[in-house]
Amino acid sequence: MAVDEGMPAHGPAAGGTGATTNRQLAPFARRRDTLDSVVLAMLTAAATAPAFAEEATREVLPLSAVVITATRIEQSSFDLPVSIDVVDGEAMRNGQMMVNAAESLQRVPGIVAPNQYRFSSDQQVSSRGFGARSAFGVRGIRLYADGIPQSMPDGQGQMGTFSLSSAARMEVMRGPFSALFGNSSGGVIQIFTRDGEGEPRLTGGTYAGSYDTWRVGVGAEGRQAGLGYLVDVSRYQSGGYREHSAARRDHANAKLSWNLAEGSKATLVLNALDQPYNQDPQGLNRAQMTADPRQTPANSITQDTGGSKSQTQGGLNIEHRLGARDTLRGVVWTGVRKTLGRLSIPLNTAEVIKGSGGISAIDRDFHGSDLRWTHQADTPTGALTLTLGMDYEFMKDVRTGYENNAGTIGVLRRDEDNIVRNFDQYLQAEWKVGADWILSGGLRHSRITFRNDDRYIRTTGVGNPDDSGGVTYRNTSPVLGAVYHLSPTVNLYANAGKGFETPTFIELAYRAGGASGLNFGLQPSTSRNVETGVKALVGRSTRINLALFEVRTEREIVVDASAFGRSVYANAGRTQRRGLELSIDGRPLPQLQAILSYSRLDATFADSHRTSAGTTIQAGNQLPGTPRDTLYAELAWRHHASGFDTAVEARASSRVYVNDVNGDAAAGYAVVNWRGGFAQQLGRVELREFVRIENLTDRRYVGGVLVNDANGRYFAPAAGRNLIAGINAAIDF
């Protein structure tokens, strides 16, 4: 299920039977005929809402999802004062390509995950408008895989390491509580690999489809002699929807878990990604998009735009109980990443030697640790849980730049070390105040240091000075939230907090006017974030979440100028984000599931500002890359006797402005996808076949935009109607 909110924690405990006793419902009996009826009526637009509540007192209710992202401890999502959704592993795999997280994130309200079919720039994701300006990967959102950061300490992250085929679930949190995870303002996305359990099981699957696309994967999992194991390996390859868009990706993910002693558990996670080639078709201008969306600009071919990337990482998580009330948990990780990128910058277009050229090579080393202590105590009003922790992260990029000589490495133009480290301390607390209230809050102090060690120094000719230097940013972010149990099936909540977002090294790379050196004058943006919402369970199987929010940001980081593939960033002043998010997940019939998520976002510049080139960005302009309205709907039906299941998915988006001046926009669109399949159990063998058709009506539309592109090539077209078909098998021993 995309949204998995339901039974409050003061009902059955996680892992229990799901039954609710009369004693548990007694404190709410007197309220049911008043406020509960009004709220349920508003949420369901049905006059029979009190009847639903009465039915809930007699019958078994489903449990809510147990999540850890918001509080770092296992907690019912229903009782959290945050917007958090869970996409379970089944939803990520059933009739899906399992290539990138956008397939699943599109169903989460507040999240925009366009599929631009450009593997060289990695998956782009924005949350409530944060991260929409990113040209490479994800920023403004903290990413984690099995507790290991996939975001670097400067805030830049990649989702390519997410293993969807072996995932148990993905947790998606928006709002102010994301500040407790560090350098982000938009949210936190975590993916969790399944634990190896039970008898040995071998899995395998393959599919093939349009544009010479195919994927094959194999895996093994189980538990033997106290060791839980899971190994998952896959290869994906595609010729690409557009010219010059071929890609290949090899991925391996492994998880081992074992008990060290009574009350102690260790988990080892290993992950490897190799993308040996990723052609980049770049964006199109409006005339090119209209004429032929499958084309690519000529210089993409002549300069062989694209590149390669690889990453290997490992992490160890040890949890030890120090008694009935105290738990100590430590996580350490390390990894290496190599990237080679080719831009469409021809020879000698840069005005100065510092221009960096059109080929960028980065060798990255990163490591870190997170240590936290959790204490549970009883107070006269209810249980109190405290978590105290500290986090250290380090990243070093050995960065070189060369001229792009028709796709081959030319003259050296850049040679430096980019080093960033952070040391943060955080405190979180949750306090149950009587039978009706839960208070949650926290505080995080961050110290992030950037350092550039320049080796590309020239004293003759045009010259290039020593651009070594650094800067340190400090911030303290508080958050506070409260949940009020209006009834066993309705929770009201509110939260507020401050966010903090530093520039990334990519955003520090260039100064205005072609000046030499990094842009260490660029300041972090800070935000004030408030949110209020309702979480409700209607009847036995319908969950409804509604959230209203407002975010006011100071010193928003925006593109100041862009030329020759190089963007200069500046602080723009104030911006404002207001909106609502609605999600409904229900089963009107045992065989039928319906999902609806809708987001409304009004993201605008609150202040006018001028770029270094003299262009005025007017107050009231919409932030580029942010659609005002997005909608996802899914209707799935399963016939248990035959093993047949089918679903129709619909996505819609309003128009998206492509630059700060709002001079052009990608038109809104609506597309429909269909999937269907069969499942059979043949003794110890489980088989599943599926067919998926995307863009069923062959709609021509823009899948994503390249914000503030200097050449006016803003539009990344989405694929037309395309099909994949595959089979998956599992054998139990």
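First measure r as the distance between the Cβ atoms of Leu696 and Thr460, then evaluate 1/(1 + (r/R0)^6) with R0 = 51 Å and state the FRET efficiency to the nearest 0.05.
Efficiency computed from Cβ-Cβ geometry: 0.20.
Would you please give the FRET efficiency between Leu227 and Thr334, computed as 1/(1 + (r/R0)^6) with r the Cβ-Cβ distance and R0 = 22 Å, to the nearest 0.05?
0.45
For the stretch 381-540, what is the convex hull volume of the alpha-carbon atoms per residue, in Å³?
Spread over its residues, the Cα hull of the stretch 381-540 gives 186 Å³ apiece.
Would you please name the trypsin sites (Lys or Arg not before Pro) within the stretch 302-384 that are DSSP coil residues with at most 15 other C-beta atoms within 10 Å of their C-beta?
Loop-located and lightly packed - Arg325.
Semi-axes of the stretch 121-229's equivalent ellipsoid from the Cα gyration tensor, sqrt of 5 times each eigenvalue, largest first, rounded to whole Å?
30, 20, 10
May I ask for the percentage of alpha-carbon pairs in the stretch 536-682 that lie more than 26 Å from each other?
Value for the stretch 536-682: 47 percent of Cα pairs lie more than 26 Å apart.
Would you work out which of Phe394, Ala730, Thr312 lies farthest towards the positive end of the dipole of the chain? Charges go on Cβ: Lys and Arg +1, Asp and Glu -1.
It is Phe394, whose Cα lies furthest towards the positive end.
Counting pairs of Cα atoms in the stretch 527-574, how many percent are more than 15 Å apart?
Counting every Cα pair in the stretch 527-574, those more than 15 Å apart make up 66 percent.
Report, in deg cm²/dmol and to the nearest 500, the calculated mean residue ellipticity at 222 nm for the chain, where each DSSP H run with n ≥ 4 adds -39500 (n - 2.57) and the sum is divided by the residue count.
Helix contribution divided over all residues of the chain: -1500 deg cm²/dmol.
Give the accessible surface of the chain per residue, rounded to a whole number of Å², with probe radius 1.4 Å and ligands, DNA and RNA excluded.
Accessible surface, normalised per residue, equals 38 Å².
Can you give me the orientation-averaged projected area of the convex hull built on the Cα atoms of the chain, in nm²?
That works out to 30.6 nm², a quarter of the Cα hull's surface.
What is the projected area of the convex hull of the Cα atoms of the stretch 381-442, averaged over all directions, in nm²?
Result: 7.6 nm².
Once the Cβ-Cβ distance between Leu548 and Ser369 is put in as r, and R0 is 35 Å, what FRET efficiency do you end up with, to the nearest 0.05?
Working from the Cβ atoms, E equals 0.40.
With 10 Å bins from zero, work out the P(r) of the stretch 461-584 over every alpha carbon pair and list the percent per bin.
11, 28, 23, 17, 12, 6, 2, 0
Please check the chain for the longest run free of GluC sites (Glu not before Pro) that are loop-located per DSSP (anything but H, G, I, E, B) and have at most 12 other Cβ atoms within 10 Å.
Formally, the longest exposed-site-free interval is 352-733.
Which percent of the accessible area of the chain is formed by carbon and sulfur heavy atoms (probe 1.4 angstrom)?
The nonpolar share, carbon plus sulfur, comes to 58 percent.
The values are calculated or read from the model by the stated rules, or taken from the named source; none is laboratory data. Computed from a predicted model, the values in this text were never measured in an experiment. Heads up, the Cβs are rebuilt from the backbone with ideal geometry, glycines too, and the neighbour counts pull from every protein chain shown. Note: accessible area is taken over every heavy atom of the protein model, side chains too, but ligands, DNA and RNA are not part of it. Shrake-Rupley method; radii C 1.70, N 1.55, O 1.52, S 1.80 Å.
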